[in-house]
Amino acid sequence: MPYDSVFMNGVVAFASDDAVFHMRLVENTLYNFPHQIVYDAFTIYPFGSLIHWGPLFTQMIATLSLIAGMGSYDMQTVNTIGAFFPAVLGALIVFPVYSIGKHLFNRSAVYLQLL
């Protein structure tokens, strides 16, 4: 079961390096909210590098974590939100894509694409 492989023994186990890096960005953003780092000294050793990912994904998880914690945050809650956020965002993206398609073309063009 996928849930059991992510949430085990009270720890949220992120499977890839990108997920771990994003959650590190979220933790840093929460510590310095609403500011996010733009340079990471821990990448491309020994020089560091600029962060090439946009801040929206990180800011959304950080903001939801602060809302869920009513102004403060607990890393267990932050990691749980970070684990569920991509799936929820992926499920909800259907509605704006449909709306944009309907307004750019027309309702029948959207229905023809679905067939």
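Could you list all residues from the range 23-77 that are of a type in the set (Val, Ile, Thr) and either part of a loop (DSSP other than H, G, I, E, B) or open to solvent by 60 Å² or more (accessible area, probe 1.4 Å) (or both)? Even if it seems obvious, please write down each step before you answer.
First, the residues of the range 23-77 that are of a type in the set (Val, Ile, Thr): 26, 29, 37-38, 43-44, 51, 58, 61, 63, 67, 77.
Result: Ile37, Val38, Thr43, Ile44, Ile51, Ile67.
Can you name the number of the only condition in (1) at pLDDT below 90; (2) within 17 Å of Phe84 (Cβ to Cβ) that Ile61 fails?
(1)
Residue-wise test of (1) of a type outside the set (Val, Ile, Thr); (2) out of contact with any strand residue (DSSP E or B) (no Cβ under 7 Å at 6 or more places or on another chain); (3) within 25 Å of Val6 (Cα to Cα).
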residue	(1), (2), (3)
Tyr39	yes, no, no
Ile44	no, yes, no
Leu50	yes, no, no
Met60	yes, yes, yes
Thr63	no, yes, yes
Ile67	no, yes, yes
Thr80	no, no, yes
Ala87	yes, yes, yes
Pro96	yes, yes, no
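The values are calculated or read from the model by the stated rules, or taken from the named source; none is laboratory data. All values derive from a computational prediction rather than experimental measurement. A quick note on method: Cβ atoms are made from the backbone with ideal geometry, for glycine too, and the neighbour counts reach across all protein chains shown. In case anyone asks, the SASA skips ligands and DNA or RNA and just uses the protein heavy atoms, side chains included. Shrake-Rupley method; radii C 1.70, N 1.55, O 1.52, S 1.80 Å.
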